[in-house]
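Asks: Have a look at this one before I ask anything.
No lab work stands behind these numbers, since they all come straight from the coordinates. None of these values were measured; they are calculated from a predicted model. Methodologically, a virtual Cβ is constructed for each residue, glycine included, from the backbone with ideal geometry; neighbour enumeration extends over all protein chains shown.
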Amino acid sequence: MKKRIEKLFARQLDKIKDTDLRSKVVNVWVATAQKGGWNAEEIAKIPFTLLTETKGITFIEHTIAVTEGALGLAKAMKENYRVMPFEINFDWLIAGGLLHDVGKLLETERTGDKYKKSYSGKCLRHPISGAIMVAKEGLPDELVNIVACHAKEGDGAPQRIETILIHQADFATFNPMVMLEKGLLIA
């Protein structure tokens with residue numbers, strides 16, 4: 001499982017300079033997959049959301065797109081702002097992007113060829129269950145904030161700049177799918 005996760009996210013993991021952080025990101029994925037009852041091959045097939053038609057976009061593809069999107073936003077700010085009003089921790093940004101939806105491994109279950117919300121997912125949405133798994137691995141509170149607050153659970157809560165960037169990248173990839181399904185996306 002560990003080798004499969006490392007391979008799936010190789011490009012993003014290679015960008016994390018802190019080797020301990022990189023290892024812990026993988027450990028969270030492995031522990032959460034095991035707790036959710038997923039094997040390495042199944043993870044790559046999970047749809048990125050249960051809330052709308054995904055047009056075949058997977059959980060892994062979404063995770064990579066959000067991570068790279070948040071990274072792109074951070075780089076654009078750093079390269080174009082004459083003065084940066086805040087510091088962006090790029091290691092935390094990448095790790096947070098990779099971990100933002102890890103709780104979906106607990107929130108989702110497969111029955112035959114269908115995916116649905118699991119009992120665990122009915123009890124805790126993925127930002128909360130993911131934040132718990134991140135904290136269990138001993139990652140810093142800043143990463144717990146990123147995972148816990150990247151979705152509606154973070155509305156009105158104090159957030160890291162990395163959390164905000166991941167939130168924006170997450171909804172920039174999710175909202176068009178919802179709008180497409182409702183016929184509201186202008187093509």
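Asks: For segment 32-53, enumerate the residues that are buried (at least 17 other Cβ atoms within 10 Å of the Cβ), out of contact with any Leu (no Cβ under 6 Å at 6 or more places or on another chain) and part of a helix (DSSP H, G or I).
Replies: 43
Asks: I need the full set of residues from segment 133-160 which are of a type in the set (Val, Ile, Thr) and either touching a strand residue (DSSP E or B) at 6+ places or on another chain (Cβ under 7 Å) or free of Cβ contacts under 8 Å to residues at least 24 places away in the same chain (or both), in order please.
Replies: Residues of segment 133-160 that are of a type in the set (Val, Ile, Thr), as a first pass: 134, 144, 146-147.
If the condition is that a residue be of a type in the set (Val, Ile, Thr) and either touching a strand residue (DSSP E or B) at 6+ places or on another chain (Cβ under 7 Å) or free of Cβ contacts under 8 Å to residues at least 24 places away in the same chain (or both), then 144 is the only one that fits.
Asks: Something else now. Please determine, by comparing only the residues of segment 76-90 that are not small (Gly, Ala, Ser) and not in a loop (DSSP other than H, G, I, E, B), which one is nearest to residue 31 (Cα to Cα). I'd like the intermediate steps shown before the answer.
Replies: Taking segment 76-90 as the starting set, the residues that turn out to be not small (Gly, Ala, Ser) are 77-90.
Restricting the remaining residues to those that are not in a loop (DSSP other than H, G, I, E, B) gives 77-80, 90.
Numbers: 77: 34, 78: 34, 79: 37, 80: 39, 90: 24 Å.
My answer is 90.
Asks: Considering each of 73, 93 in turn, give the residue that is over 15 Å from the mean Cα position of the chain (by Cα) and either part of a helix (DSSP H, G or I) or within 20 Å of residue 149 (Cα to Cα) (or both). Walk me through how you get there before you give the answer.
Replies: Numbers: 93 fails: over 15 Å from the mean Cα position of the chain (by Cα).
After applying the criteria, what remains is 73.
Asks: Among (1) of a type in the set (A, V, I, L, M); (2) in contact with a helix residue (DSSP H, G or I) (Cβ under 9 Å, 6 or more places away or on another chain); (3) without any contact (Cβ under 8 Å) to a residue 40 or more places away in the chain, which single condition is residue 76 missing?
Replies: If we test residue 76 against (1) of a type in the set (A, V, I, L, M); (2) in contact with a helix residue (DSSP H, G or I) (Cβ under 9 Å, 6 or more places away or on another chain); (3) without any contact (Cβ under 8 Å) to a residue 40 or more places away in the chain, just (2) comes out false.
Asks: Does residue 14 qualify as being in contact (Cβ under 8 Å) with a residue 12 or more places away in the chain, farther than 28 Å from residue 176 by Cα, surrounded by fewer than 17 Cβ atoms within 10 Å (Cβ to Cβ) and not β-branched (Val, Ile, Thr)?
Replies: Working: in contact (Cβ under 8 Å) with a residue 12 or more places away in the chain: no; farther than 28 Å from residue 176 by Cα: yes; surrounded by fewer than 17 Cβ atoms within 10 Å (Cβ to Cβ): yes; not β-branched (Val, Ile, Thr): yes.
Answer is no for this residue.
Asks: Go through segment 141-179 and report how many residues are outside any helix (DSSP H, G or I) and farther than 17 Å from residue 87 by Cα. Before you say what the answer is, go through the steps one by one.
Replies: Filtering segment 141-179 for residues outside any helix (DSSP H, G or I) gives 150-151, 155-160.
Restricting the remaining residues to those that are farther than 17 Å from residue 87 by Cα gives 150-151, 155-157.
Qualifying residue count, segment 141-179: 5.
Asks: If you scan segment 137-152, which residues turn out to be under 21 Å from residue 59 (Cβ atoms) and loosely packed, with under 15 Cβ neighbours inside 10 Å?
Replies: Matches in segment 137-152: 152 only.
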